1. Report the paramagnetic label zone for residue 26: residues of region 50-73 whose backbone N is under 13 Å from a point 7 Å from Cα along the Cα-to-Cβ axis.
2. Can you tell me how region 225-295 classifies by the Cα gyration tensor, rounded, prolate or oblate, using a/c under 1.5 as the rounded cut?
3. Could you tell me the relative contact order of region 176-316? Use alpha-carbon pairs under 8 Å, at least six residues apart, and round to a whole percent.
4. Which order do the peptides 181-189, 17-25, 127-135, 46-54 take when ranked by the mean count of other beta-carbon atoms within 10 Å per residue, highest first?
5. Measure off 7 Å from each Cα along the Cα-to-Cβ vector at residue 147 and residue 192, then give the distance between these two points in nanometres to one decimal.
6. Convex hull over the alpha-carbon atoms of region 173-316: what's its volume per residue in Å³?
7. Can you sort 213, 56, 206 from fewest to most other Cβ atoms within 10 Å of each residue's own Cβ?
8. Counting only C-alpha contacts under 8 Å and six or more residues apart, can you give the relative contact order of region 259-314 as a whole percent?
């Protein structure tokens, strides 16, 4: 089993690594250079960069099709769509974190952008670690998939409970924030716009909280993508292309959060489907990749259609 887990990484070629790393690093560098000033991000700019990131991901999907064929390409696209869908809950958590620290979008959008600038890099790093570990562990035993299914169902429970609660979580009192406060001097002012100014500022505390959430979401998303993509190369690349576009997607989703109110509910159904697929795979039941992609796309499309057909009271 251990050798089989190692062999799952052995099939990755130098061409595949370079074909991913070179455009990915260049795209990240261009994005960070274009937004390094911490200026406000307009909706047009966020939409443009979201489109750019999607086109980059699809272009890499074209390479996967050329290099490995249509089956691998469909797996890559399914993994990418899954990670984008899971990002909805991730980004709404970021919104609540900003709200807890008083960094509302109306008055502190440039500060939000500066924190997301580093927060998304953390999301990419943690996904590399957890997905690499997940790709190795899943090949040790098929019954690991049952454990992964339990993790996914626990995620469903947490999302359902959080949506059922009237009181929002106050992330300014999160354990990670309290830990930093215990060992560092805190300057309560955000006027400097920096992470450190006569001590740590609320911007740094907010970043710490976001990075901790990045770890949790990276752990939660790992068993989800494992349900449909076992190939380590496809698993990691699809997830990283999805994570790289989170900053731009954040500003679009928050602006349209009331309009697409049913999308988060669709993600819950999507996770239930994923947990069932994990359990089925553990006992030898295999759902064709094209069918998995069709089910994922149908669930998400239904959430979008339902949101538009039946607007929420906040949107009406």
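Each reported figure results from applying straightforward, stated rules to the coordinates on display, with no laboratory input. The structure displayed is predicted, hence computed values, not measured ones. Glycine also receives a Cβ, built like all others from the backbone with ideal geometry; neighbour counts cover every protein chain displayed.
1. 56, 60
2. Details: a/c = 3.11, a/b = 1.55, b/c = 2.01.
Judged from the Cα gyration tensor, region 225-295 comes out oblate (a/c at least 1.5, b/c at or above a/b).
3. Details: 91 pairs, mean separation 29.9, N = 141.
Result for region 176-316 is 21 percent.
4. Numbers: 181-189: 11.2, 17-25: 13.7, 127-135: 19.3, 46-54: 17.1.
In decreasing order of mean packing, 181-189, 17-25, 127-135, 46-54 become 127-135, 46-54, 17-25, 181-189.
5. 4.4 nm
6. Working: hull volume 23.8 nm³, N = 144.
Enclosed volume per residue, from the Cα hull, is 165 Å³.
7. Values: 213 21, 56 18, 206 27.
Lowest count first: 56, 213, 206.
8. Working: 33 pairs, mean separation 38.7, N = 56.
After rounding, I find 69 percent.
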